[in-house]
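I have placed the structure first, in the form of structure tokens, so that the comments after it can refer back to it.
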Amino acid sequence: MPALTSVSQANVTALYPALRSLPDAELATVCQPSARLALPAGTELFSERQHCKGFPLLLAGTVKVIKNTSAGREMLLYRVEPGGSCIITSSCLLGHTSYSARGIAETPLSLLFLPAALFDKLIAENAAFRDFVFHLFSDRIAELMQLVEEVAFHRLDQRLAKLLIVKSGSGNALNATHQALADELGSVREIISRLLKGFAAQGLVGLGREQIILLDRDGLKQLAEIGR
């Protein structure tokens, strides 16, 4: 894992304002070359039952945090983007426990890696950093509660319709495989493919090779909101 050659302290503190309160010497330690990593897409940052050795501060790229089931399926718990961090990592460091999920580089990454000892020091002595970490807990727990609600109470076709709307953004097309959609929803490709064919038969979407065209966005929104 090669070290990055240059990330300015100004860029780091712009993404992580809590670090502005660090003394110059500590900020220099956080940003030293040995703490910086560049990782290719697909790299596993951590895995279940692995011991946590430090706290990542993401500067560029996206990390997906996933949970594997006993049946071999995966469910996306959340994504980490620049300026954020991983609450599972935080909880492992605070509770001295092993990871309960996996973290995968969804894109090429650049990040800073704070050793566990430095993380403990900042939590104990730096109120701004401590507030940053616990604010992340609050936001992520709200997201995970919403995920639990959707999985427990909403039908898979509703969740798929919502996912298509969200992932397409302001456009009417998204490039995604049926397997990728299944992974995000904690399902299997065959079921997602069957649902998408049903959507196509209703005129809601058009299906191409690794592409889905939203033909009736209002119809998908209506389906996604059924039962809410």
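The values are calculated or read from the model by the stated rules, or taken from the named source; none is laboratory data. Just so you know, these numbers come straight off a predicted model, no measurement behind them. For neighbour counting, all protein chains shown are included, and Cβ atoms are generated from backbone atoms with ideal geometry for every residue, glycine included. Each accessible area value is taken on the protein alone, full model and side chains, heavy atoms only, with ligands, DNA and RNA left out. Shrake-Rupley method; radii C 1.70, N 1.55, O 1.52, S 1.80 Å.
Quick rundown of the values:
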quantity	calculated
Condition check for ARG130: in a helix (DSSP H, G or I), open to solvent by 60 Å² or more (accessible area, probe 1.4 Å) and either farther than 19 Å from LEU45 by Cβ or of a type in the set (Val, Ile, Thr) (or both)	yes
Residue ID - farthest from SER170 (Cα to Cα), chosen from residues in the stretch 201-220 that are modelled with pLDDT of 90 or more and assigned to a helix (DSSP H, G or I)	GLY219
Residue under evaluation ASN68, criteria (1) modelled with pLDDT under 85; (2) buried (at least 17 other Cβ atoms within 10 Å of the Cβ); (3) of a type outside the set (D, E, K, R), criterion not met	(2)
Check on ASP183, modelled with pLDDT of 90 or more, of a type in the set (Asp, Glu) and either surrounded by 12 or more Cβ atoms within 10 Å (Cβ to Cβ) or within 30 Å of SER85 (Cα to Cα) (or both)	no
Residue list for the stretch 118-152, filter: in contact with a strand residue (DSSP E or B) (Cβ under 9 Å, 6 or more places away or on another chain), modelled with pLDDT of 85 or more and either of a type in the set (Phe, Trp, Tyr) or within 24 Å of ARG49 (Cα to Cα) (or both)	LEU118, PHE119, VAL133
Neighbours by Cβ (under 6 Å, 6+ apart or cross-chain): first from the stretch 5-28, modelled with pLDDT of 90 or more; second open to solvent by 40 Å² or more (accessible area, probe 1.4 Å)	THR13/ARG20; LEU15/PRO82
Lone unmet requirement of (1) open to solvent by 40 Å² or more (accessible area, probe 1.4 Å); (2) in contact (Cβ under 8 Å) with a residue 40 or more places away in the chain; (3) in a helix (DSSP H, G or I); (4) not aromatic (Phe, Trp, Tyr) for SER90	(1)
Verdict on ILE191 being β-branched (Val, Ile, Thr), farther than 29 Å from LEU144 by Cβ and open to solvent by 20 Å² or more (accessible area, probe 1.4 Å)	no
Matching residues in the stretch 7-36 - criterion: being open to solvent by 30 Å² or more (accessible area, probe 1.4 Å) and in a strand (DSSP E or B)	none
